[in-house]
Ligand code: NI
């Protein structure tokens, strides 16, 4: 089932998400629904708070980046297996010199901004069977994980922008919160105050 994606300004996006216990009711369906929702919106990653569930879970599928439009392998060909479910993920290490990349977010449609992050991370997480992993990621994979991991701590990419850049976006962000956006997928906007 495709779920509406919560828009910028929804309080759930600012909350610290809770750990998930094995046996969490409806987890399998939630994961299936999140994949369906992400694909319908052409996203590369989706965190549970974005569909209104404040739990530590995000999914990614960067495999489309492993091929160009003609189906030929790109330099990111190692991303072809980067389709994953991350449960209770925690970044335990980040290193290297910060590099810029234009990020977007399904909760903030039609806005892309350069965000600086470190290139290499070590992530502890569990998979959908609650098997434990500690794994190193770098490049684009690390970037996607850092962005999604932030969602679980109530942080959005706009929170990383320099204050002036952020101020210039305020009007557009307010519009999104009020539902004045032409996102091509189903969204849910916070009640008008
Ligand atoms: Ni996002």
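The values are calculated or read from the model by the stated rules, or taken from the named source; none is laboratory data. Here the structure is a predicted model, which means the values were calculated and not measured. Ideal geometry is used to build each Cβ from the backbone, glycine not excepted, and the neighbour counts take in all protein chains shown.
Just a few scattered comments:
- Residue list for the stretch 128-148, filter: farther than 27 Å from residue 7 by Cα and out of contact with any helix residue (DSSP H, G or I) (no Cβ under 6 Å at 6 or more places or on another chain): 129, 130, 131, 132, 133, 134, 135, 136, 138, 139
- Single residue of the stretch 80-102 satisfying the filter (out of contact with any strand residue (DSSP E or B) (no Cβ under 6 Å at 6 or more places or on another chain) and part of a strand (DSSP E or B)) that is nearest to residue 118 (Cα to Cα): 99
- Any hit, the stretch 54-66, residues being at pLDDT 95 or above, part of a helix (DSSP H, G or I) and closer than 15 Å to residue 146 by Cα: no
- Filter result for the condition that a residue is closer than 18 Å to residue 143 by Cα, surrounded by fewer than 21 Cβ atoms within 10 Å (Cβ to Cβ) and more than 16 Å from the ligand (Cβ to nearest atom), over 76, 70: 76
- Filter result (in contact with a strand residue (DSSP E or B) (Cβ under 7 Å, 6 or more places away or on another chain) and either within 11 Å of the ligand (Cβ to nearest atom) or under 23 Å from residue 93 (Cβ atoms) (or both)) within the stretch 149-166: 149, 151, 152, 156, 157, 158, 160
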